[in-house]
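Shown next, in structure tokens, is the structure this report addresses.
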Amino acid sequence: MKPWQSVLKLDSVKAFQLAGILRQLASLLTGIILAHSGFSVKEIGSYEYVLFFVTTASFFWVNGILQYFMARSNQSNEPHPERTVTQLLILLALVSVVVLNFLHFSAIAPLNIRVLWLVSLLLMFNVPSLFIEQILYRQNSIVVQVSLSVGFLAIQIIFLLSMLFFKLPFENVYNILLILALCKFIFLVTFTKAYIFNKGLFQKLLKIFKTALPFIGYFIITGMASIVDGWIIKFRWHDEGMFAIYKYGARDLPLLGSLAIGLGSAILPMITSNLEYALQQIKTRSTKLMHVVYPIMIVMVAFSDKIFPFLLNSDFKETSLIFSVYAFIIGARFLYPQTILSGLGYNRFLFYNSIIELTINIMLSLVFSLYFGLAGIALGSVMAYFYEKISASLYLFKKQGIRLHEYTPLPIYLFYNSLLAVIFVISHLN
């Protein structure tokens, strides 16, 4: 282990979490820079909508395939499973681009022609590149994982600041995204040698896709919640600026939520090999994370009405309340029954349960938005997400006899969530 690794005590799990944090940090800093750049809220909203369209067209298959890889790759007899999965991701990206263009030119779902090209290119180059983090995690490539994450973050921020310094038009934001996406794509293809096509490749791709279908189906439903929120805003307010205001607030406690999510993804391979050890690791590592995440979250909620106008600008004042409501979702993020159920193969339950969660989410978001505006949509998402975690916990106990306290530090968990609720009431409801 290198000296700097010893100091930071980085293992593959922490490096994987750090990669997720830095990816979200790039998104957060981009938003902050754009908000202080003098560009209008509508322009920033149009940028967020491009990313939203990319997510809509890809979230289910890319997350499903990545989850399959994390859960099943250690059981594969393939000599290079990461190469085959990369080729499948590229093929699915190409199919998505073809479908998107068909929907546009057949007038079923027409887009601005420039938006169509941007979404198509990002689908082709950026989406498959998300696989890099999982590959490096499974190969225990800590140095490469951290170096790439830090490097791409630094390049993106330098490009953005240079764009503002030279007062270049807003459209250059998209050029920066495309350049970075192409660089990541080239690295992915080169690193996995995805340009090598072995005999029987199509049959292998089809087999992986069929095996991953339960994961893809699950993510179609669970990921649909945030997609539906975006479409509710689009058709209820008809304002791209409102979409930007919501998106900048409804994040998993910018950056910190990805720590909890990353832990679940990293632990998933352990569940299939040693369940007792995996439960211990979830409890131990989540305890350490709670002591980091919750204090920061509580402070941000307490001062969100001052933090967000400062970080962004006065046009984003409503973002503070949306953020404070959405911050409660971190309590659900720190419950891991779905990770355990997925590792144990209970994907059918997860799929049907996610349908119920999506239904609850849509109904509550629509109703609450009538009374609380954008914050109501965030509240509906939080409540639906808690339903999903609680029901999964009950199902896990019913099927495996695994109690919540076996993988959750309940006293610490309840203390921090209660304190968060008190701070929210004092800060926003007094």
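Along the Cα→Cβ direction, 7 angstrom out, place labels at Leu394 and Leu28. What is the inter-label distance in nm?
Roughly 3.5 nm, to one decimal.
Relative to the present Cα-Cα distance, how much length would full extension add between Leu91 and Lys234 at 0.36 nm per residue of separation?
Values: separation 143, 0.36 × 143 = 51.48 nm, distance 3.04 nm.
Length gained, Leu91 through Lys234: 48.4 nm.
Give the calculated FRET efficiency between His405 and Ile155 to the nearest 0.05, with a Förster radius of 45 Å applied to their Cβ-Cβ distance. The partial results should precede the final answer.
Values: r = 45 Å, r/R0 = 0.99.
After rounding, the FRET efficiency stands at 0.50.
Just to be sure I understand the model, the point goes 7 Å from the Cα along the line to the Cβ. What's the resulting Gln139 to His428 distance in nm?
Going by the 7 Å Cα→Cβ label model, 4.3 nm.
List the lysines whose Cα sits under 17 Å from the Cα of Lys234, skipping any in the same chain fewer than 8 residues away.
Lys42, Lys247
Can you tell me how much longer the chain between Asp11 and Lys199 gets when fully stretched, taken as 0.36 nm per residue apart minus their C-alpha distance, in nm with one decimal?
Numbers: separation 188, 0.36 × 188 = 67.68 nm, distance 3.64 nm.
So the chain would gain 64.0 nm between Asp11 and Lys199.
Shape call for the stretch 1-249 from the C-alpha gyration tensor, a ≥ b ≥ c root eigenvalues: rounded (a/c under 1.5), prolate (a/b greater than b/c) or oblate? It would help to have the intermediate numbers written out before the result.
Details: a/c = 1.82, a/b = 1.22, b/c = 1.50.
Judged from the Cα gyration tensor, the stretch 1-249 comes out oblate (a/c at least 1.5, b/c at or above a/b).
Can you give the extra length, in nm with one decimal, that the chain gains between Phe166 and Phe303 once fully stretched, where that is 0.36 nm per residue apart less the Cα-Cα distance? If you can, show how the numbers build up before the last one.
On the way: separation 137, 0.36 × 137 = 49.32 nm, distance 3.39 nm.
Between Phe166 and Phe303, full extension yields 45.9 nm more.
With a/c under 1.5 counting as rounded, go ahead and sort the chain into rounded, prolate or oblate using the C-alpha gyration tensor (a ≥ b ≥ c being the square roots of the eigenvalues; past the cut-off, prolate if a/b is larger than b/c, else oblate). Intermediate results must be reported in sequence, preceding the final value.
On the way: a/c = 1.33, a/b = 1.04, b/c = 1.28.
It is rounded, given that a/c, with a ≥ b ≥ c, falls under 1.5.
Between Leu103 and Lys42, how high is the FRET efficiency from 1/(1 + (r/R0)^6) when r is the Cβ-Cβ distance and R₀ = 41 Å? Nearest 0.05.
On the way: r = 25 Å, r/R0 = 0.61.
So the FRET efficiency works out to roughly 0.95.
For the pair Ile412 and Ile355, how long in nm is the line joining their label points, each one 7 Å along Cα→Cβ?
Taking the simple label geometry, Ile412 and Ile355 are separated by 3.8 nm.
Each value in this text was obtained by applying a stated rule to the coordinates, not by laboratory testing. Since the model is a prediction, treat every value here as computed from it, not as a measurement. Positions of Cβ are generated from backbone atoms using ideal geometry, with glycine treated the same way; all protein chains shown enter the neighbour counts.
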